[in-house]
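Here the structure comes first, spelled out in structure tokens, and everything after it is commentary.
The values are calculated or read from the model by the stated rules, or taken from the named source; none is laboratory data. These numbers come from a predicted model, not from an experiment. Neighbour counts run over all protein chains shown; Cβ positions are idealised from the backbone, glycine included.
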Amino acid sequence: MPTPEPVRRHVAVVGAVIVRDGLVLCARRGPGSQAGLWEFPGGKVEAGESPTEALAREVREELGCAVTVGDEVTTTTHAYEAVTVTLTTYWCSLAATPDATHATVLEPIPHEHAELAWLAPAELDRLAWAPADIPAVELVRTRA
Ligand SMILES: Nc1nc2c([nH]c(=O)n2[C@H]2C[C@H](O)[C@@H](COP(=O)(O)OP(=O)(O)OP(=O)(O)O)O2)c(=O)[nH]1
């Protein structure tokens, strides 16, 4: 009997390419999968959610901010050892949250990440990105 291929989980993940004043928000993962590598804020799409709903939810949870989600940057698939990730990235901007009297754009706070950094597009390749992000980073470098 041939040994069966191990079944690798496949997850749909969304990432926010948040641009402000020409700089791109980069987030370094904490402990766990892809620990210490840089990524775009976001996460897995849950059952019943559209990708853009998932992205808005994840950014609110991770950074405490509202985002306006724009066009897709790219969709690529990467097979990690334990999981295959299909990552869809979207151009995003921080959105104003209306309070009683003002519309306020909040500063992102790293509730779940080890570190945040705003980088010029040309500098993005100085960071150690999660492997699934490399194609998106290359596009963002040329188009942001
Ligand atoms: N949010 C996000 N995740 C990414 C990116 N690139 C990339 O490979 N990933 C991977 C890391 C995780 O395996 C998965 C997203 O999981 P998650 O952020 O929702 O949740 P998690 O830390 O609990 O993930 P996990 O430990 O269960 O794998 O996609 C990216 O740019 N943004």
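Residue by residue through the range 67-91, note down the ones that are modelled with pLDDT of 95 or more and of a type in the set (Gly, Ala, Ser).
Across the range 67-91, the qualifying residues are GLY70, ALA79.
Any residue at all in the range 75-90 that is in contact (Cβ under 8 Å) with a residue 24 or more places away in the chain and away from the ligand (no atom under 12 Å from the Cβ)?
No.
Please state which one of ARG9, ARG57, ARG29 is within 16 Å of the ligand (Cβ to nearest atom), in contact with a strand residue (DSSP E or B) (Cβ under 7 Å, 6 or more places away or on another chain) and farther than 22 Å from VAL140 by Cα.
Numbers: ARG57 fails: in contact with a strand residue (DSSP E or B) (Cβ under 7 Å, 6 or more places away or on another chain); ARG29 fails: farther than 22 Å from VAL140 by Cα.
None of the other options fit; the residue is ARG9.
Got at least one residue in the range 119-140 being of a type in the set (Val, Ile, Thr) and at pLDDT below 95? Quick ask: steps written out before the conclusion?
So in the range 119-140, the residues of a type in the set (Val, Ile, Thr) come out as 134, 137, 140.
If we keep only those that are at pLDDT below 95 as well, we get none.
No, the conditions are met nowhere in the range 119-140.
Residues of the range 60-73 being buried (at least 16 other Cβ atoms within 10 Å of the Cβ) and either in a strand (DSSP E or B) or away from the ligand (no atom under 16 Å from the Cβ) (or both), which ones?
ALA66, VAL67, VAL69, VAL73 - these are the residues of the range 60-73 that are buried (at least 16 other Cβ atoms within 10 Å of the Cβ) and either in a strand (DSSP E or B) or away from the ligand (no atom under 16 Å from the Cβ) (or both).
Considering only residues of the range 118-144 that are more than 14 Å from the ligand (Cβ to nearest atom) and of a type in the set (Gly, Ala, Ser), which is farthest from ARG20 (Cα to Cα)?
ALA122
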